[in-house]
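S.K.: Here you go, one structure.
The values are calculated or read from the model by the stated rules, or taken from the named source; none is laboratory data. Bear in mind the structure is a predicted one, so any value in this text is a computation, not a measurement. Using ideal geometry, Cβ is built from the backbone for each residue, glycine included, and neighbour counts are taken over all protein chains shown. For the accessible areas, the whole protein counts, side chains as well, though only heavy atoms, and no ligand, DNA or RNA atoms are used. Shrake-Rupley method; radii C 1.70, N 1.55, O 1.52, S 1.80 Å.
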Amino acid sequence: MRPINFFLALFCALVLIFPSESMASDEDEFDAVHHSSDGYYLDFLPIGKVELPRILIIRSDLTGYGLRVYPSTKSALRSGEILAEMPDDGHQENTEDVEALINSGKHLDAKLVPIEGTVFLDLSITKHLIFALLASGILLVIFIGLARRYTQGIGRTTAPRGIFQNLFETLVVFVRDDIAVPNLGKKHALRFLPYLLTAFFFILTCNLLGLVPFGATATSNLNVTAVLATFTFVLTQVNGSKDHWRHVFWPPGMPVAVKFLLIPTEIIGLFTKPIALAIRLFANLTAGHLVILSLIGMIFILSDQFGNAIGYGVVPISLGFTLFVMFLELLIAFIQAYIFTILSALFIGMALADHSHSEAH
Amino acid sequence: MDPSALAYLGAGLGTGLVALGTGLGIGRLAGPAMEATARQPEATNDIRTTMIVAAALIEGVALFGLVVAFILTFK
Amino acid sequence: MLLGASLLSANVGLIVWLSIVFLTTLLILRKYAWGPITSALSEREATIATSLNRAEEALSESKRLQEQNAQAKREAEQEAQKLLRDAREEAQVIRDQEAQRTQEEIALIREQAKQEIERDKQRALQSLRKEVADLAILAAEKVLQENLDGARQHALIDRFIDGLTSQEPNQTPSA
């Protein structure tokens with residue numbers, strides 16, 4: 001038992017050190033934010049990067065709208081139709097410089113500009129999209145498999161069997177009984193349960209994928225969380241009761257002057273809720289990764305500043321904290337999925353409620 | 001002085017203040033929640049749910065501050 | 001700057017893609033996963049609830065039956081007790097009656113015996129009186145033959161005998 005634990009710990013440490021080390025030696029500068037942000041490649045760090053297809057919808061005055069698909073950023077630049085614009089100085093690179101740019105590895109940060117026309121919509125596949133798709137695929141496999149068990153009769157009239165079914169049934173029942181029913185009421189809970197379950201498991205899977213080696217956290221991207229929050233927002237407003245709207249546009253029980261003061265506040269309040277929802281999820285997931293990368297980076301910063309001896313000395317401390325933050329992230333993965341779902345349920349429930357004014361406020 | 005230095009300073013100070021406020025807020029929330037749970041263990045689930053929701057709302061304010069700090073550092 | 005752009009920048013393409021991905025996932029899961037799972041769960045819960053109810057009912061039913069049995073047993077016991085008591089009382093009554101009748105019979109027999117004795121005694125007295133009278137007459141005859149005439153003697157003896165009979169009832173109880 002003990003030697004196994006020891007080797008496991010050693011392996012984890014190696015996995016944690018190795019990519020970071022090669023990264024540091026590759027670029028000579030450790031960039032935590034860059035690592036956790038989105039990109040047009042998959043990062044298998046010690047081995048290399050896999051570039052993802054670029055899909056661009058280009059509008060030009062001559063040919064109208066056109067769709068351009070390239071298997072990778074490299075090939076897009078080599079095709080001669082696209083120029084790279086580096087974001088730091090804003091000056092356009094010439095096509096002759098393309099090979100040099102690709103060799104420096106900075107072409108992935110470049111903004112693609114077509115030679116004629118402008119980019120109308122950049123539908124390129126990104127790292128976070130790949131992981132969101134992966135999460136979605138995992139969800140489909142798990143839950144359609146789970147549903148098949150139920151339709152076969154296991155768990156329909158008998159007790160659920162096996163770790164797989166018991167585990168996911170517990171979570172499903174948790175979402176239903178602890179998130180949906182208390183906030184939406186028994187009457188509406190079933191109607192919104194599919195959305196809540198999908199959101200919960202999607203976020204949870206995305207969060208957990210970020211903790212897997214070579215993984216990325218789709219939910220640490222503000223665009224992704226914004227989409228999820230928008231779904232909640234739309235569901236909330238579409239299902240808002242008459243009462244809900246009256247509260248926004250003509251708050252009852254107030255003097256008229258106060259009403260005019262309250263209306264803008266209420267309207268802003270409609271939007272701050274989903275925005276807070278999006279930013280909360282994004283910030284929590286990003287912060288965890290930044291902390292882990294900063295802790296790892298501490299080793300290299302200190303060895304740069306004070307020599308290798310100090311660097312090696314810091315390794316156990318740094319790894320210990322990293323392990324702790326990893327566990328914290330595991331906890332946060334669940335808590336944030338829970339909070340996103342329960343707040344969604346709460347907002348929808350609040351909009352649904354036909355509360356009488358004598359007891360509210 | 002470089003204006004971006006001031007921005008970094010502001011971001012750092014702001015993040016610290018936001019952390020302070022959030023810490024106070026969540027502390028004031030969690031303490032009584034614990035007391036309430038100890039006093040009424042049968043209401044634990046309700047208390048925990050409302051506590052987490054309230055904590056999330058407080059944290060939301062903190063995250064707004066954090067985002068402002070982000071913008072300050074990146075601009 | 002590059003870093004800020006990469007963390008907070010909007011990527012419309014990603015938003016479009018992700019909306020499609022999430023919506024598709026939601027719709028597929030709603031149709032093929034959440035529907036069957038939640039319906040199966042609620043079905044099972046309903047089954048469990050009904051079987052619990054049924055068990056509860058069966059339990060209360062059996063309790064009721066038990067109660068009934070106990071009641072019946074109690075009643076039977078009471079009945080038996082009552083029967084026993086009645087029988088005992090009846091026996092007592094019969095015994096008392098028997099005793100009374102025996103007593104009465106004894107009294108009757110005793111009475112009869114007494115009467116018999118009385119009759120025998122009367123008869124004996126009668127015969128004795130006759131004997132005595134005869135004896136007296138005989139004796140008197142004997143005396144008269146020597147001293148007195150018969151008529152005077154006879155009157156004397158009758159008077160004596162009368163006096164004897166009137167004395168008789170006073171003498172019997174002591175006998």
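S.K.: With charges set only on the Cβ (+1 for Lys and Arg, -1 for Asp and Glu), what does the dipole of the stretch A:129-352 come to about its Cα centre, in debye to the nearest 20? Please report the intermediate quantities before stating the final value.
M.R.: Working: 13 positive and 7 negative charges, 184 e Å.
It works out to roughly 880 debye.
S.K.: Could you check the simple spin-label distance between residue A:266 and residue A:241, using points 7 Å along Cα→Cβ, in nm with one decimal?
M.R.: Those two pseudo-labels are separated by 1.5 nm.
S.K.: OK, next. Could you report the buried accessible area between C and B, both sides summed, computed with a 1.4 Å probe and given in Å² to the nearest 100? Mind dumping the intermediate values first?
M.R.: Details: alone 15700 and 5530 Å², together 20830 Å².
So the buried area, both faces added, is about 400 Å².
S.K.: Right, something else. Contact order normalised by length for chain A, with contacts defined as Cα pairs under 8 Å and 6 or more residues apart; what percent is it?
M.R.: Result for chain A is 17 percent.
S.K.: Taking chain A as the reference, fit the longest principal axis to its C-alpha atoms, fit the long axis of helix A:308-352 to the helix C-alpha atoms, and give the angle between the two in degrees, 0 to 90, nearest 10.
M.R.: The answer is roughly 30 degrees.
S.K.: Continuing with the same structure: Relative contact order of chain B: what whole-number percent is it, with Cα pairs under 8 angstrom and at least 6 residues apart? Mind dumping the intermediate values first?
M.R.: Numbers: 42 pairs, mean separation 41.9, N = 75.
It comes to 56 percent, rounded to a whole number.
S.K.: Also, quick follow-up: Can you give the average number of partner chain beta-carbon atoms within 10 Å of each beta-carbon in peptide C:19-32, as a whole number?
M.R.: Mean shielding count: 6.
S.K.: Using a 1.4 Å probe on the protein heavy atoms only, what accessible surface does residue A:86 show? Give it in Å² to the nearest 10.
M.R.: Looks like 20 Å² after rounding.
S.K.: Also, I was wondering about something else. Give the relative contact order (percent, whole number) for the stretch A:198-335; include only Cα pairs under 8 Å separated by 6+ residues.
M.R.: Details: 106 pairs, mean separation 37.6, N = 138.
About 27 percent, as a whole number.
S.K.: Using a Förster distance of 51 Å, how high is the FRET efficiency between residue B:8 and residue C:59, based on the Cβ-Cβ distance and rounded to 0.05? Provide the component values of the computation, followed by the final result.
M.R.: Numbers: r = 73 Å, r/R0 = 1.43.
E between residue B:8 and residue C:59, to the nearest 0.05, is 0.10.
S.K.: I would also like to ask the following. Only Lys, Arg, Asp and Glu count, each charged at its Cβ (+1, +1, -1, -1), so figure out the dipole size of the protein assembly as shown about its Cα centre, rounded to 20 debye. Kindly include the intermediate steps, with their values, before the conclusion.
M.R.: Working: 50 positive and 63 negative charges, 193 e Å.
Using Cβ point charges on Lys, Arg, Asp and Glu, the protein assembly as shown gives about 920 debye.
S.K.: Can you give the average number of partner chain beta-carbon atoms within 10 Å of each beta-carbon in peptide C:35-48, as a whole number? Display every interim value, and only then the final one.
M.R.: Working: counts 5, 9, 16, 10, 5, 13, 8, 2, 4, 8, 1, 0, 3, 2.
Other-chain Cβ atoms within 10 Å of each residue's Cβ, averaged: 6.
S.K.: Run the 1.4 Å probe and let me know the accessible area of residue C:129, rounded to the nearest 10 Å².
M.R.: For residue C:129, solvent-accessible area is about 90 Å².
S.K.: Now for a different question. To the nearest 0.05, what FRET efficiency results for residue C:129 and residue C:85 with a Förster distance of 60 Å applied to their C-beta separation? Spell out each step's value before the answer.
M.R.: Values: r = 64 Å, r/R0 = 1.07.
The computed FRET efficiency comes out at 0.40.
S.K.: Can you pull out the buried accessible area for chains A and C, both sides counted, probe 1.4 Å, rounded to the nearest 100 Å²?
M.R.: On the way: alone 20340 and 15700 Å², together 32070 Å².
The A and C chains share an interface burying roughly 4000 Å².
S.K.: Quick one: accessible area per residue over the protein assembly as shown, 1.4 Å probe, rounded to a whole number of Å²?
M.R.: Ligands and nucleic acids excluded, the figure is 59 Å² per residue.
S.K.: On a 0 to 90 degree scale, rounded to 10, what angle separates helix A:256-306 from the longest Cα axis of chain A?
M.R.: 30 degrees
S.K.: Enter the mean number of other protein chain beta carbons within 10 Å of the beta carbon of each residue in B:58-66, as an integer.
M.R.: On the way: counts 0, 5, 10, 2, 2, 10, 6, 0, 4.
Going residue by residue through B:58-66 and averaging, the value is 4.
S.K.: Same structure, new question: Can you tell me the orientation of helix A:127-152 relative to chain A, as the angle in degrees between its alpha-carbon axis and the longest Cα principal axis, to the nearest 10?
M.R.: 50 degrees
S.K.: For residue C:20 and residue C:151, calculate 0.36 nm times their separation in residues minus their Cα-Cα distance, and state this gained length in nm to one decimal.
M.R.: Working: separation 131, 0.36 × 131 = 47.16 nm, distance 17.58 nm.
Length gained between residue C:20 and residue C:151: 29.6 nm.
S.K.: Going down the list A:186/A:273; A:187/A:259; A:74/A:111; A:187/A:273; C:121/C:142, which pairs span over 21 Å between their C-alpha atoms?
M.R.: As for pairs spanning more than 21 Å Cα to Cα, those are A:186/A:273; A:187/A:259; A:187/A:273; C:121/C:142.
S.K.: Turning to a different aspect of this structure: How far apart, in nanometres, would the label points at residue A:234 and residue C:76 be if each is projected 7 angstrom from Cα along the Cα-to-Cβ direction?
M.R.: According to this spin-label approximation, the distance is 7.6 nm.
S.K.: Counting only protein heavy atoms and a 1.4 Å probe, tell me what percentage of chain A's accessible area is made up of carbon and sulfur.
M.R.: Numbers: 12080 of 17910 Å².
Carbon and sulfur atoms account for 67 percent of the accessible area of chain A.
S.K.: Then there is this: Show which lysines lie in cross-link reach of residue C:63 when reach means a straight Cα distance below 16 angstrom and same-chain residues fewer than eight apart are skipped.
M.R.: C:73
S.K.: What do you get when you divide the Cα radius of gyration of the protein assembly as shown by 2.2 N^0.38 Å, with N the number of residues? Mind showing how you got there, number by number?
M.R.: Working: Rg = 56.6 Å, N = 611, 2.2 N^0.38 = 25.2 Å.
Cα-based Rg divided by the globular estimate yields 2.25.
S.K.: Give, rounded to the nearest 20 debye, the magnitude of the charge dipole that the stretch C:38-169 has about its Cα centre when Lys and Arg contribute +1 at Cβ and Asp and Glu contribute -1 at Cβ.
M.R.: Values: 21 positive and 28 negative charges, 30 e Å.
Using Cβ point charges on Lys, Arg, Asp and Glu, the stretch C:38-169 gives about 140 debye.
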